[in-house]
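Presented below is the structure to which this report refers.
The values are calculated or read from the model by the stated rules, or taken from the named source; none is laboratory data. The structure presented is a predicted model; accordingly, all values stated were derived computationally and were not measured. Neighbour counts run over all protein chains shown; Cβ positions are idealised from the backbone, glycine included. SASA here: full protein model, heavy atoms, side chains in, ligands and nucleic acids out. Shrake-Rupley method; radii C 1.70, N 1.55, O 1.52, S 1.80 Å.
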Amino acid sequence: MRDLGTSRICRLFELTPTQGYTYSAALGYLSAVCRADPVVGTSWSVTQEVHQLAPFDPASGVGEVIASLGRGPVPDVVGFSVSFWNRRPSLECARVIKQNWPDVKVVIGGSDVSFQGDVLLVKDSPLDFIVNGEAESTMPELLHAIEHDRPWDEVHGISYRAHGEVQTTPRRALIADLDSIASPFLTGVVGPKPLSEATLLVYESNRGCPYSCAYCFWGGATRTAIRCFSLERIERELDFIVSHCRPHMVFFLADANFGILERDLDLARLMVKACERYNKTITFNTNWTKKPREATLEAARILYSAGLLGGVTVSVQSFDRSVMRKAKRTNIRPPAYRDLLARLRSFNIATYTDLIWGLPGQTYETLLEDIDTCLDAGGGPVAYPLLLLPNTEFFSPEMRETYAMETELIPSDLTTPALTGEMVVAHSTLDKENWKRGMRLIMGMNLFWKCLFRATITYVVQVTDLKYSHILDLLTEEMYRENLGDPVVGALLEDFERTIAGFQPPRSQRALSMVGESGLPEQAHFQALLKRFVHGDPGERALGHLVLVLQSLAPEVELAEVMEIDRVARLTIRSSLREVEPCVVELSSKVEAVLVGASVLPGVEGIGEGRRLLRSGDVSERFRFPAYALAIWHGGEIPLRDAELVIEPAEVL
């Protein structure tokens, strides 16, 4: 027990599976507003901590949280910021806290638990309060009520249990003036040390989303107008962040639709200005607007020209209009999509296109069509399975029944149990076998088109009437047929199959052990298969089976040159394993023209002039294998663009 007159204590926690994520934006705001509150700030000590989740132990952060709580005075309140990836360990923390310190009030909030009182506040629940919606106004009031034993029903925006029933107070209005939220960066809540240690920082310049997508909490549950922090505040915060962050930190702007507002151009300029002032390069990532326009393109150009932008996400989800109507999403049309990609390519900016697999109305055939539409336009698809998230329209019992949705508890990236969510594996137009077939195809697309045979597949499509999806489907089937004669490939595919079948825990240990101790716990099966294919003779022998398939598809087409170009790509990937093996291919004008036109090779003037050589790249100074593999998976890196084009003038010949 503390002496009377000392400050009350509130300790806030967030558990994360993301490496390098050491600062929580949600907890930073809460700490700042509580400190700035004229009443709570004088009587409460509010602190924040972020703890890492281990890849294969969903409760791995629990011990750290409990140990941290045991090292100091017993707090009055413990709070958790909860999303689907940390829901289970956060609730386990709450249970252990109540066992050890029954008088501690446990509060949770976040998109995954807001308005879920009827589910979470059951009899004997370890939770005392759920904060529903934005917490910055609610949390100080709740702490004040706890301190003075005020009736809970006077605090708007919470749920709690009383008299044997769940009580939910009226919703709190959204915060109209975001600048009224105290800044964690400008009030001393976040100092230089956390910024210097972080490899990833999440930041927001606005809140709200005008769209109402049925699969998304952002707009589907809120349907709100966009509210903005002032540019004056943003400029001061960016100056502080960039001055103290480590070089090459990933700066993730968590706006729902960056580029939708004209002022986003100013934000891009402020980011460039801050980096130039402190002579730092950071990596800028964001959620780009669903309907890009001129301001979007100009913002991308500004950031790319300053070396801050790796690529632009085009969020399509599906090109099928019937599917998108069910998802309540108006989408960019294919002609506008092709034009957008062409415009971004003219700036030499890479793009990647988000697709969702498992949406109501989809079939295996619509997945094939989505892949073809994307690749035909020169896009780079990044496909994710559909998760049902609380507070989204698809999560509702009515929508589940309408579309006969079946779900399994499967990790969203198939690697870490901490990311386990409710994944849609079947519905009224898609049975589970075809859903699994689609998951296999997505794996094949990531391996064969993004990494191993991009040039060959593209060349065959361009000079024949074959479709990308047909070739990828055949290559994927061949990979599963006797595992390409490689028992290691077979073991990895077996683990992948057990994971997508819903077996618990997910089978990823063998994959991560292959990637190595430095491996990043994401897309482990993809990483391990790619490493097997690019690392030495067994991988080359396995790929020989796929080469025969490609040759059989176009027996009249000479493929030797494009296959050597793909070998350049594989050796470029292999260099990230610190194994540099030079490979040089002389480009014919015909092949180069086809591959440049299909956005496989970067465009360089003078095709057909002089002797043009493509030499395998060396990325070992920039990447270790896990980081490079994941950058390729996410569309941020393209091995053939990391290769070196050497042009020998005609007079040298």
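When region 544-587 is filtered for residues that are surrounded by 15 or more Cβ atoms within 10 Å (Cβ to Cβ), over 30 Å from the mean Cα position of the chain (by Cα) and among the small types (Gly, Ala, Ser), only ALA554 remains.
All conditions in (1) part of a loop (DSSP other than H, G, I, E, B); (2) more than 20 Å from LEU27 (Cβ to Cβ) hold for ASP153, with the sole exception of (1). Only a single item in (1) in contact with a helix residue (DSSP H, G or I) (Cβ under 9 Å, 6 or more places away or on another chain); (2) part of a loop (DSSP other than H, G, I, E, B); (3) of a type outside the set (Phe, Trp, Tyr) is not met by LEU201, and it is number (2).
Output yes when any residue across region 405-416 is open to solvent by 10 Å² or more (accessible area, probe 1.4 Å), free of Cβ contacts under 8 Å to residues at least 40 places away in the same chain and part of a strand (DSSP E or B), and no when none is. Yes; the residues of region 405-416 include at least one that is open to solvent by 10 Å² or more (accessible area, probe 1.4 Å), free of Cβ contacts under 8 Å to residues at least 40 places away in the same chain and part of a strand (DSSP E or B).
Given the options LEU577, LEU520, LEU512, LEU550, name the one that is at pLDDT 90 or above and within 25 Å of ALA54 (Cα to Cα). Write out each step before concluding.
Numbers: LEU520 fails: at pLDDT 90 or above; LEU512 fails: at pLDDT 90 or above; LEU550 fails: within 25 Å of ALA54 (Cα to Cα).
LEU577 is the lone residue from the list that is at pLDDT 90 or above and within 25 Å of ALA54 (Cα to Cα).
Checking each residue in region 520-543 for being free of Cβ contacts under 8 Å to residues at least 40 places away in the same chain, on the phi < 0 side of the Ramachandran plot and either surrounded by fewer than 22 Cβ atoms within 10 Å (Cβ to Cβ) or out of contact with any helix residue (DSSP H, G or I) (no Cβ under 9 Å at 6 or more places or on another chain) (or both) picks out ASP537, GLU540. If you go through region 334-352 and keep only what is open to solvent by 20 Å² or more (accessible area, probe 1.4 Å), closer than 30 Å to SER428 by Cα and touching a helix residue (DSSP H, G or I) at 6+ places or on another chain (Cβ under 9 Å), you end up with just PRO334.
Condition check ((1) in contact (Cβ under 8 Å) with a residue 60 or more places away in the chain; (2) over 19 Å from VAL534 (Cα atoms)) across all residues:
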| site | (1), (2) |
| --- | --- |
| ARG612 | no, yes |
| VAL619 | no, no |
| ALA627 | yes, no |
| ASP642 | yes, no |
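Cβ-Cβ contacts under 9 Å between residues 6 or more apart (or on different chains), taken from a first residue in region 579-598 that is of a type in the set (Ser, Thr, Tyr) to a second residue that is part of a helix (DSSP H, G or I), are listed as SER588/GLU561.
Inspect all residues belonging to region 294-309 and state whether any of them is surrounded by fewer than 22 Cβ atoms within 10 Å (Cβ to Cβ), of a type outside the set (Phe, Trp, Tyr) and touching a Gly at 6+ places or on another chain (Cβ under 7 Å). Yes, there is a match, as at least one residue in region 294-309 is surrounded by fewer than 22 Cβ atoms within 10 Å (Cβ to Cβ), of a type outside the set (Phe, Trp, Tyr) and touching a Gly at 6+ places or on another chain (Cβ under 7 Å). Look through LEU359, LEU368, LEU355 and report the one residue that is open to solvent by less than 60 Å² (accessible area, probe 1.4 Å), farther than 26 Å from PRO210 by Cα and modelled with pLDDT of 95 or more. The match here is LEU368. The C-beta contact set for region 425-453 (first residue among the β-branched types (Val, Ile, Thr), second residue in a helix (DSSP H, G or I), distance under 7 angstrom, 6+ apart or interchain) comprises VAL425/LYS432; VAL425/TRP435.
Annotation: PRO506 fulfils all but one of (1) in contact with a Ser or Thr (Cβ under 9 Å, 6 or more places away or on another chain); (2) at pLDDT 95 or above; (3) part of a loop (DSSP other than H, G, I, E, B); the unmet one is (2).
Of the residues LEU200, LEU195, LEU186, which single one is closer than 25 Å to HIS51 by Cα and either among the small types (Gly, Ala, Ser) or open to solvent by 50 Å² or more (accessible area, probe 1.4 Å) (or both)? Quick ask: steps written out before the conclusion?
Working: LEU200 fails: either among the small types (Gly, Ala, Ser) or open to solvent by 50 Å² or more (accessible area, probe 1.4 Å) (or both); LEU195 fails: either among the small types (Gly, Ala, Ser) or open to solvent by 50 Å² or more (accessible area, probe 1.4 Å) (or both).
Answer to the selection: LEU186.
Evaluated against (1) touching a Leu at 6+ places or on another chain (Cβ under 9 Å); (2) under 27 Å from TRP85 (Cβ atoms); (3) among the small types (Gly, Ala, Ser); (4) surrounded by fewer than 21 Cβ atoms within 10 Å (Cβ to Cβ), ALA327 falls short on exactly one condition, (4). If the condition is being open to solvent by less than 30 Å² (accessible area, probe 1.4 Å) and either free of Cβ contacts under 8 Å to residues at least 60 places away in the same chain or in contact with a Pro (Cβ under 6 Å, 6 or more places away or on another chain) (or both), then region 73-108 contributes VAL82, SER83, PRO89, ALA94, VAL96, ILE97, VAL104, VAL106, VAL107, ILE108. Among the residues of region 242-269, the one identified as among the β-branched types (Val, Ile, Thr) and surrounded by fewer than 19 Cβ atoms within 10 Å (Cβ to Cβ) is VAL250.
Out of everything in region 270-293 that is over 22 Å from GLY636 (Cα atoms) and not small (Gly, Ala, Ser), what residue ends up being surrounded by the most Cβ atoms within 10 Å (Cβ to Cβ)? Per the criteria, the residue is LEU270. With the structure loaded, tell me whether PHE56 is within 25 Å of GLU136 (Cα to Cα), at pLDDT below 95 and surrounded by fewer than 23 Cβ atoms within 10 Å (Cβ to Cβ) or whether it fails that test. Taking the combined requirement at face value, the residue does not satisfy it.
Let me confirm something: among VAL113, VAL33, which residue is open to solvent by 10 Å² or more (accessible area, probe 1.4 Å) and among the β-branched types (Val, Ile, Thr)? Steps first, answer last, please.
Values: VAL113 fails: open to solvent by 10 Å² or more (accessible area, probe 1.4 Å).
After ruling out the rest, the residue left standing is VAL33.
Of a type in the set (Gly, Ala, Ser), within 27 Å of SER616 (Cα to Cα) and assigned to a loop (DSSP other than H, G, I, E, B) - does that describe any residue in region 517-524? Checking region 517-524: at least one residue is of a type in the set (Gly, Ala, Ser), within 27 Å of SER616 (Cα to Cα) and assigned to a loop (DSSP other than H, G, I, E, B). The helices (runs of 4 or more DSSP H) located wholly in region 316-395 that include 3 or more residues which are touching a residue at least 40 places away in the same chain (Cβ under 8 Å) and under 22 Å from ALA455 (Cα atoms) occupy 334-346, 364-376. You will find that of ILE457, ILE442, the residue that is at negative phi, open to solvent by 10 Å² or more (accessible area, probe 1.4 Å), assigned to a helix (DSSP H, G or I) and modelled with pLDDT of 95 or more is ILE442 and no other. Among the residues of region 109-164, write down those that are under 21 Å from VAL40 (Cβ atoms), over 33 Å from the mean Cα position of the chain (by Cα) and among the small types (Gly, Ala, Ser). The answer is ALA145, and nothing else.
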